[in-house]
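Working notes for the structure below.
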Amino acid sequence: MITHPEDESMILFEAADLVPAGPIGDGRAGELLRLHGDELRAVVTWAREYLCRPHPELGRRGAVCPYTQASLDRGAFLLAVLPGRPAGVAELTQVIERHRDWFAELAPRERPESLHSTILVLLPGMADDLAAIDAAQAELKDEFVPHGLMIGEFHDGPPDKQGLWNAAFRPLRSPVPMLVIRHMVATDLPFLMTDAAHLSAYRRVFGDHVPAHLRELAESVVSEP
């Protein structure tokens with residue numbers, strides 16, 4: 001468990017903190033666990049049983065998310081939970097921006113092991129306002145990508161974003177609504193194709209170091225007028 005050095009209301013839980021054994025304890029962390037321990041544990045189970053495993057509709061071999069297992073193994077899979085409900089998209093983006101700044105301090109990109117780090121901000125109070133989560137993600141992406149960061153939305157809608165290898169698959173379904181912060185990786189190119197500023201940010205980070213299976217895609221973008 002990690003508490004923000006300047007804001008005790010901001011707490012990050014590791015998966016190991018969520019084992020249902022022993023007393024919960026007092027303070028802010030104990031309050032969050034009493035109110036939202038079930039949701040936090042459900043997300044860890046979802047990560048292990050869905051993200052870390054193959055899926056018949058995925059359209060390729062391997063785990064749904066190739067990075068989650070390493071993140072869990074390294075204690076870099078961090079979960080926050082926002083109690084209640086933000087007043088709107090603007091308030092939600094402000095909450096996520098604070099976590100983004102904290103993420104940058106905890107996992108600076110220049111440290112190689114930081115690429116396994118992620119912060120999942122759970123939004124249990126927004127289960128009936130998924131459109132606001134999607135809107136916040138779209139707005140935040142324009143802020144995150146220039147800094148080499150990605151922001152993803154997950155909920156049981158599910159988000160209307162198709163899988164890369166199977167257009168009928170909707171991979172972003174989760175048991176609790178959330179927004180997820182992580183570093184951009186080289187395989188993110190397909191998620192950045194529709195925006196020139198996003199593509200420029202990708203090239204600043206990775207240059208010509210594009211994965212072999214994406215080189216043809218990258219070359220097709222470069223060749224466009």
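The values are calculated or read from the model by the stated rules, or taken from the named source; none is laboratory data. Please read all numbers here as calculations on a predicted model, not as lab measurements. Cβ coordinates were reconstructed from backbone atoms using ideal geometry, including for glycine residues, and neighbour counts include every protein chain displayed. We work out accessible area using only protein heavy atoms, side chains counted, and drop any ligands, DNA or RNA first. Shrake-Rupley method; radii C 1.70, N 1.55, O 1.52, S 1.80 Å.
In the stretch 58-74, whose amide N lies under 15 Å from the spot 7 Å out along Cα-to-Cβ of VAL185? List them in ranges.
61-74
Could you give the angle, 0 to 90 degrees to the nearest 10, between helix 89-106's Cα long axis and the longest principal axis of the Cα atoms of the chain?
90 degrees
Rounded, prolate or oblate, given the Cα gyration tensor of the stretch 144-191, with a/c below 1.5 counting as rounded?
Oblate shape, in that a/c is at least 1.5 and b/c is the bigger or equal ratio.
Could you size up the charge dipole of the stretch 28-118 around its Cα centre, putting +1 on the beta carbon of Lys and Arg and -1 on that of Asp and Glu, and report it in debye to the nearest 20?
The dipole magnitude comes to about 220 debye.
What are the ³J(HN,Hα) couplings of the stretch 159-173, residue after residue, when phi is run through the Karplus curve with 6.51, -1.76, 1.60 and θ = phi - 60°? Round to Hz, x for glycine and proline.
Computed from phi, the couplings for the stretch 159-173 are x, 7, 10, 7, x, 6, 10, 8, 5, 7, 8, 10, x, 9, 6 Hz.
Taking every DSSP beta bridge with both residues inside the stretch 1-124, roughly what % is antiparallel (nearest 5)?
Within the stretch 1-124, antiparallel bridges account for around 45 percent of the total.
Shape verdict for the stretch 1-133, please, from the Cα gyration tensor: rounded (a/c under 1.5), prolate (a/b greater than b/c) or oblate.
It comes out rounded by the Cα gyration axes.
Could you tell me whether the stretch 75-186 comes out rounded, prolate or oblate from its Cα gyration tensor? Rule is a ≥ b ≥ c as square roots of the eigenvalues, rounded for a/c under 1.5, then prolate if a/b exceeds b/c, otherwise oblate.
Because a/c hits 1.5 or more and a/b fails to exceed b/c, the stretch 75-186 counts as oblate.
What accessible area per residue comes out for the chain, rounded to a whole number of Å², with a 1.4 Å probe?
Normalised by residue count, the accessible surface of the chain is 52 Å².
Taking the DSSP beta bridges in the chain as the whole, what percent of them are antiparallel, to the nearest 5?
Counting only bridges with both partners in the chain, antiparallel ones make up about 75 percent.
Taking all protein chains together and a probe of 1.4 Å, list ARG111, ARG53 from the most accessible to the least accessible.
ARG53, ARG111
Need the full-extension length gain, ARG60 to ALA90, defined as separation in residues times 0.36 nm minus the C-alpha distance. One decimal, nm.
7.1 nm
If you roll a 1.4 Å probe over the stretch 21-171 with all protein chains in place, what percent of the accessible area is carbon or sulfur?
Ligands and nucleic acids excluded, carbon and sulfur reach 50 percent.
Please compute the modelled spin-label separation between ALA104 and ALA197, points set 7 Å along Cα→Cβ, answer in nm with one decimal.
About 1.5 nm separates the two model spin labels.
Enumerate the amide H contacts of MET10 below 5 Å, restricted to partners 5 or more residues apart or on another chain; note that Pro and chain-start residues carry no placed amide H.
When sequence neighbours closer than 5 places are left aside, the close amide H contacts are HIS4.
Go ahead and run the numbers for FRET between ALA138 and HIS213, Cβ-Cβ distance against an R0 of 35 Å, rounding to 0.05.
Between ALA138 and HIS213 the formula returns 0.80.
Can you give me the solvent accessible area of ILE151 with a 1.4 Å probe, rounded to the nearest 10 Å²?
Answer for ILE151: close to 10 Å² accessible.
To the nearest 10 square angstrom, how much accessible area does PHE191 have with a 1.4 angstrom probe?
That residue has around 90 Å² of solvent-accessible surface.
If each DSSP helix of 4+ residues adds -39,500 (n - 2.57) and the sum is divided by the residues in the chain, what number results at 222 nm, nearest 500 deg cm²/dmol?
After summing the helix terms and dividing by the residues of the chain, the value is -11000 deg cm²/dmol.
List the extent of the Cα atoms of the chain along each of their three principal axes, largest first, rounded to whole Å.
Over the chain, Cα extents along the principal axes are 59, 38, 35 Å.
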